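Read through the structure below, which is laid out as structure tokens, and then see the notes.
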Amino acid sequence: MSYSLIAPIYDAVMRHVNYDLWLNLIRKVAQRHLPERNVSIFELGCGTGSLGVKLMLDGFDYVGSDLSFEMAEQAARKDLRVCCADARHLPVCGPFDMAIFLYDGINYMETLEEYTTVFSGIHSILSEGGCFLFDITTEANSLENFYDIFDSENFENLTYVRHSWYDSEKRSQFNDFTFFTRQNGACFNKQYEHHKQQVFSPEEISAAVPSELFSIEGIWNGFTTARYNRRSERIHFLLKRR
């Protein structure tokens, strides 16, 4: 996973995404769990900063981070405070009232031990009583929407083909991009990006949360605060720092 090739066109590729759904959920969490605070937010996997812009405009104090330098560079062009950082090795910063890791970014962790490492790092940058909101993509989503799918799109000087597929035995979700970049008129440069996410059950992830560091305040279906079920395609977790 690098996102170096897709970063310049990421906003166009993801133009269908309704970031307001996450904004509204973050508002609810802040109002319910962080009342009377001028809430500061640290985002992991901020991508090109589309959600960060909305959070800033909504009055939140915001800092973003992304493992991909190219994605963080795109976010910085939107006048956001961002850094290039690995979720498993966070820079020393904070304290923040809330940390977020959304759009199933945490699914890039390949083991439950890596989840626990992320949780420990987040604990170190949160203020007392601070919240960690993250979401996961599920096997139900992979089987329903990404089991073996091809799609493509053309831009002025670039065309991509994406193959999304799911290995149900290993519970691994893949998004393989082939990019054709126009160079010198009719000539094209062909490049690849391979993205892999690992699908764990909400029960497995719950067990990986260090109970001495966090309480689990909610495990929710989609963008609601209703309990998840076996058909949930996106599940949000809310942890609260002890």
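Go over the candidates SER124, SER142 one by one and state the one that is of a type in the set (Ser, Thr, Tyr) and in contact (Cβ under 8 Å) with a residue 40 or more places away in the chain. First the steps, then the outcome.
Values: SER124 fails: in contact (Cβ under 8 Å) with a residue 40 or more places away in the chain.
Matching residue, one of SER124, SER142: SER142.
With respect to PHE96, is the statement that it is crowded, with 19+ Cβ neighbours inside 10 Å, assigned by TED's automatic domain parsing to the domain that holds ILE205, within 22 Å of LYS54 (Cα to Cα) and under 15 Å from the mean Cα position of the chain (by Cα) true? Steps first, answer last, please.
On the way: crowded, with 19+ Cβ neighbours inside 10 Å: yes; assigned by TED's automatic domain parsing to the domain that holds ILE205: yes; within 22 Å of LYS54 (Cα to Cα): yes; under 15 Å from the mean Cα position of the chain (by Cα): no.
Answer is no for this residue.
Looking only at residues that are in a loop (DSSP other than H, G, I, E, B) and over 22 Å from the mean Cα position of the chain (by Cα) in the stretch 133-167, which one is surrounded by the most Cβ atoms within 10 Å (Cβ to Cβ)? Even if it seems obvious, please write down each step before you answer.
Narrowing the stretch 133-167 to residues in a loop (DSSP other than H, G, I, E, B): 138, 146-147, 155-157.
In the following step, the residues that additionally are over 22 Å from the mean Cα position of the chain (by Cα) were identified as 155-157.
Values: PHE155: 13, GLU156: 7, ASN157: 10.
That would be PHE155.
If I filter the stretch 47-66 for residues that are in a strand (DSSP E or B), touching a residue at least 60 places away in the same chain (Cβ under 8 Å), within 16 Å of the chain's Cα centre (by Cα) and farther than 29 Å from THR159 by Cα, do I get at least one hit?
Taking every residue of the stretch 47-66 in turn, none turns out to be in a strand (DSSP E or B), touching a residue at least 60 places away in the same chain (Cβ under 8 Å), within 16 Å of the chain's Cα centre (by Cα) and farther than 29 Å from THR159 by Cα.
Among the residues of the stretch 137-162 satisfying the criterion of being of a type in the set (A, V, I, L, M, F, W, C) and modelled with pLDDT of 95 or more, which is nearest to LYS190 (Cα to Cα)?
Here the answer is VAL161.
Take the stretch 208-230 and flag every residue that is without any contact (Cβ under 8 Å) to a residue 40 or more places away in the chain and either farther than 24 Å from LEU143 by Cα or out of contact with any Leu (no Cβ under 9 Å at 6 or more places or on another chain) (or both). Step through it out loud before you land on a result.
From the stretch 208-230, those without any contact (Cβ under 8 Å) to a residue 40 or more places away in the chain are 211-212, 215-216, 218-222, 224, 226-229; that's our starting set.
Result: SER211, GLU212, SER215, ILE216, GLY218, ASN221, ALA226, ARG227, TYR228, ASN229.
Please verify whether the stretch 8-19 includes one or more residues that are under 20 Å from ARG234 (Cβ atoms) and in contact with a Lys or Arg (Cβ under 7 Å, 6 or more places away or on another chain). It would help to see each step written out before you state the result.
Looking only at the stretch 8-19, we keep the residues that are under 20 Å from ARG234 (Cβ atoms), and these are 10, 13-19.
Next cut, in contact with a Lys or Arg (Cβ under 7 Å, 6 or more places away or on another chain) only: 19.
Yes, the stretch 8-19 contains a residue that is under 20 Å from ARG234 (Cβ atoms) and in contact with a Lys or Arg (Cβ under 7 Å, 6 or more places away or on another chain).
Need the failing condition index for GLU73 against (1) closer than 22 Å to LYS240 by Cβ; (2) of a type in the set (Asp, Glu); (3) more than 16 Å from the chain's Cα centre (by Cα), just the number.
(1)
Would you pick out the residues in the stretch 171-193 that are in a loop (DSSP other than H, G, I, E, B) and in contact (Cβ under 8 Å) with a residue 12 or more places away in the chain?
Just the residues of the stretch 171-193 that are in a loop (DSSP other than H, G, I, E, B), to begin with: 171, 184-186.
Within the stretch 171-193, ARG171 is the sole residue that qualifies.
The values are calculated or read from the model by the stated rules, or taken from the named source; none is laboratory data. Remember, predicted model here, so these are calculated numbers, not experimental data. With ideal geometry, Cβ positions are generated from the backbone for all residues, glycine too; neighbour counts draw on all protein chains shown.
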